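I have placed the structure first, in the form of structure tokens, so that the comments after it can refer back to it.
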Amino acid sequence: GRAELLYSEGKSATGYLNSSSNNHTNGDKLRSSAVQLVDDIQEITGHAYYDLIKLDVEGYEFEVLKNIKVKTPRYLYIELSGEARQHDYRLSELYLFLRQKFGDFEIVYSDQITSKTIAFNQLLAFTPQKD
């Protein structure tokens, strides 16, 4: 499918597919650009295995992970939603889902988390799967 990416002109890496992700400041002029949504990344790239997957999807991480079609990556660098941002999952549910989908993992890096955290990054290292 296709979607509109909203972004603040002159700012790097600040795009939104959903206007409720209102991370821009009041003075920012929002622009839009058409983007192609990809259901099956393997179909586009021809690769099933990836060393690193990075996800930063502003509260939609569980939805993306449920629908991503790849083999177990070596690493997943993911921005997760903290208590201060609305999201529809519990962290424990997301970790259980990741174990079921990709196998065992260790958290090798995590930003500091407090009750005021909007979002935080974690780097997960998965146990290599034997084919």
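The values are calculated or read from the model by the stated rules, or taken from the named source; none is laboratory data. Computed from a predicted model, the values in this text were never measured in an experiment. So basically every Cβ, Gly included, is an ideal-geometry build from the backbone, and we count neighbours across all protein chains shown. These accessible areas exclude ligands, DNA and RNA; they are computed on the full protein's heavy atoms, side chains included. Shrake-Rupley method; radii C 1.70, N 1.55, O 1.52, S 1.80 Å.
Structure values in brief
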| quantity | calculated |
| --- | --- |
| Members of segment 30-59 that are within 19 Å of residue 111 (Cα to Cα), out of contact with any His (no Cβ under 7 Å at 6 or more places or on another chain) and not in a strand (DSSP E or B) | 56, 57, 58 |
| Subset of segment 60-82 (residues that are assigned to a loop (DSSP other than H, G, I, E, B) and under 12 Å from residue 98 (Cβ atoms)) | 68, 72, 73 |
| Residue identified as at positive phi and out of contact with any Cys (no Cβ under 6 Å at 6 or more places or on another chain) among 83, 63, 58, 79 | 58 |
| Residue check, residue 116 in a loop (DSSP other than H, G, I, E, B) and at pLDDT below 95 | yes |
| Residue count, segment 91-131 (criterion: open to solvent by 90 Å² or more (accessible area, probe 1.4 Å), of a type in the set (A, V, I, L, M) and touching a residue at least 40 places away in the same chain (Cβ under 8 Å)) | 0 |
| Boolean, residue 94 is more than 21 Å from residue 40 (Cβ to Cβ) and assigned to a helix (DSSP H, G or I) | yes |
